[in-house]
Structures are given as C-alpha cells and as structure tokens.
1. Please compute the Kirkwood hydrodynamic radius of the chain from all pairs of different C-alpha atoms, in Å with one decimal.
2. Using a 1.4 angstrom probe on the protein heavy atoms only, line up K148, K14, K65, K21 by accessible area, largest first.
3. Would you mind telling me the share, in percent, of accessible area of the range 2-207 contributed by carbon and sulfur at probe 1.4 angstrom?
4. Residue farthest toward the positive end of the dipole of the range 2-207, with Cβ of Lys/Arg at +1 and Asp/Glu at -1: which of L129, T61, V140?
5. Using only alpha carbon pairs under 8 Å that are at least six residues apart, calculate the relative contact order of the range 47-117 and give it in whole percent.
6. Calculated from DSSP H runs of 4 or more alone, at -39500 (n - 2.57) each and per residue, what is the 222 nm mean residue ellipticity of the chain, nearest 500?
7. Suppose every K and R has +1 on its Cβ and every D and E has -1 on its Cβ; what is the size of the dipole of the chain about the Cα centre, in Debye to the nearest 20?
8. Show me the ranking of peptides 89-98, 118-127 by mean Cβ neighbours inside 10 Å, starting with the highest.
Amino acid sequence: MRIHVVDHPLVAHKLTTLRDKRTDSPTFRRLADELVTLLAYEATRDVRTEQVDIDTPVTRTTGVKLSHPRPLVVPILRAGLGMLDGMVRLLPTAEVGFLGMIRNEETLEASTYATRMPEDLSGRQVYVLDPMLATGGTLVAAIQELIKRGADDVTAVVLLAAPEGVEVMERELAGTPVTVVTASVDERLNEQGYIVPGLGDAGDRMYGTAE
Ligand SMILES: O=P(O)(O)OC[C@H]1O[C@H](OP(=O)(O)OP(=O)(O)O)[C@H](O)[C@@H]1O
Ligand SMILES: O=c1cc[nH]c(=O)[nH]1
Ligand SMILES: [Mg+2]
C-alpha cells in the first residue's frame with residue numbers, strides 16, 4: 001500500500017476551515033467538494049488512458065482519452081456521498097457504484113448495509129471515497145470487497161487519516177495494489193475512535209445531524 005499526503009497551501013487552507021467547529025453544514029459540504037477536486041487531481045495521476053487521433057482545426061494530431069474499461073468510483077455512504085460530485089467532475093465518464101457502511105460507535109466495527117456495484121471488477125481501476133480513515137475498519141473491509149471482485153488497482157481518496165488507521169491498512173492490505181491519497185495524516189485517535197485534531201463526525205457535519 002502506498003500513501004500520498006497532498007501538500008498544497010489551498011488544500012491546507014480548505015482543510016482548516018473544514019476542521020473549524022463553527023463551519024456550518026452548507027459551507028462544510030462546499031469545502032469538502034472543493035477539497036476532493038484538489039485531491040482527485042493527485043489521485044488520478046495514474047488513471048489509464050489510450051491514444052486517440054483527432055483533427056484540430058489546423059491538423060491531425062494524437063492525444064489521449066480515458067481507456068476502457070471505465071474507472072469505477074465508489075463513495076462509502078453516508079459521508080462519502082459528499083465527495084462524489086467533486087470526483088466525477090474530473091472523471092465524467094466514470095461508472096459509479098455504492099457501498100453503504102456504518103461503524104458501531106461502541107465496538108468501532110464496520111458493517112455493510114448496502115452494496116450496489118458490478119460483480120466483476122476485473123481489470124478495473126477503482127476510486128473509493130470516504131472522508132475519514134480512523135481505525136481503518138471501514139476502508140479495509142471496502143477494499144477487500146473490491147479486490148475480491150477483481151479490482152486490480154484501488155485508490156482511496158480520504159480527507160483525513162489517523163496514523164493508527166494507516167498502520168492497519170498497511171498491515172491488512174500488504175501486497176495489494178492500493179494507494180491512499182489524503183489531505184492530512186493527523187496526530188492520533190481518541191478513546192472514542194475519533195481523529196485528533198480531526199473535524200468531528202464527518203457525516204453529521206455534512207448532513208446537519210449533529211445535535
Ligand atoms: O476508519 P473507521 O474507524 O472505520 O471509521 C471511519 C468511518 O466512520 C465514518 O462513517 P460512519 O460510520 O459515521 O457513517 P456515516 O458516514 O453514515 O456517518 C466515516 O465516514 C468512515 O466511513
Ligand atoms: O473522527 C472521525 C472518525 C470516524 N468518523 C468520523 O466521522 N470522524
Ligand atoms: Mg458518521
């Protein structure tokens with residue numbers, strides 16, 4: 001597994017406002033969307049392309065287009081849904097699959113409540129979207145499912161990661177073709193499994209469900 005922390009002043013700036021507890025849900029959604037677009041630029045650096053010949057108004061030339069089979073983008077519901085638009089804006093021809101997963105607040109174990117993806121992902125590049133990589137339970141289970149279905153290149157785009165979760169992914173996904181692209185690897189996890197300093201509960205902040 002490879003990890004890539006995107007080091008860019010615009011990313012750091014948007015992330016700081018996202019972390020701020022005074023940021024309201026509409027602003028949180030907008031910033032998450034903008035941040036994904038910046039991370040997606042890095043995450044798609046190795047997206048597969050094929051050569052095409054085209055005619056410009058001046059002459060015939062050679063360029064590239066995204067190759068087939070098309071990349072698959074998989075947001076992990078609920079919070080990952082807030083990252084989908086930003087990603088498909090850069091990859092408009094991508095196919096979209098869905099994984100609904102929830103982490104038990106006490107045991108911190110992830111479970112899957114919805115799956116809508118192609119059965120066969122052989123030869124597909126897959127981009128998984130989830131804002132938070134905390135204990136790693138959710139992403140490890142999601143990526144294992146993608147690899148079981150034949151995905152041969154998986155990139156997870158996350159806004160924030162905890163070092164503990166990165167370690168779990170490195171251990172559980174050793175030897176698999178997985179890359180994690182994130183805006184930050186934070187300090188640690190707290191006793192409740194929240195990322196510190198983090199940004200709180202991403203789903204609640206995105207959808208206004210915090211009290
Ligand atoms: O790395 P982990 O310890 O598994 O935690 C990360 C997961 O927790 C959050 O989801 P949550 O269960 O709150 O669901 P939600 O997106 O519906 O709010 C977050 O969006 C990740 O999916
Ligand atoms: O800090 C955290 C950890 C898991 N899920 C979140 O939404 N936030
Ligand atoms: Mg949540």
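The values are calculated or read from the model by the stated rules, or taken from the named source; none is laboratory data. Keep in mind the model is a prediction, meaning the values are calculated, not measured. Counting neighbours? That spans all protein chains shown, and the Cβs are built from the backbone with ideal geometry, glycine included. SASA here: full protein model, heavy atoms, side chains in, ligands and nucleic acids out. Shrake-Rupley method; radii C 1.70, N 1.55, O 1.52, S 1.80 Å.
1. 17.6
2. K21, K148, K65, K14
3. On the way: 5230 of 10310 Å².
Whole-percent figure for carbon plus sulfur exposure: 51.
4. So the residue we want is T61.
5. Value for the range 47-117: 22 percent.
6. Per the formula, -9500 deg cm²/dmol.
7. Numbers: 22 positive and 31 negative charges, 111 e Å.
Roughly 540 debye, rounded to the nearest 20.
8. 118-127, 89-98
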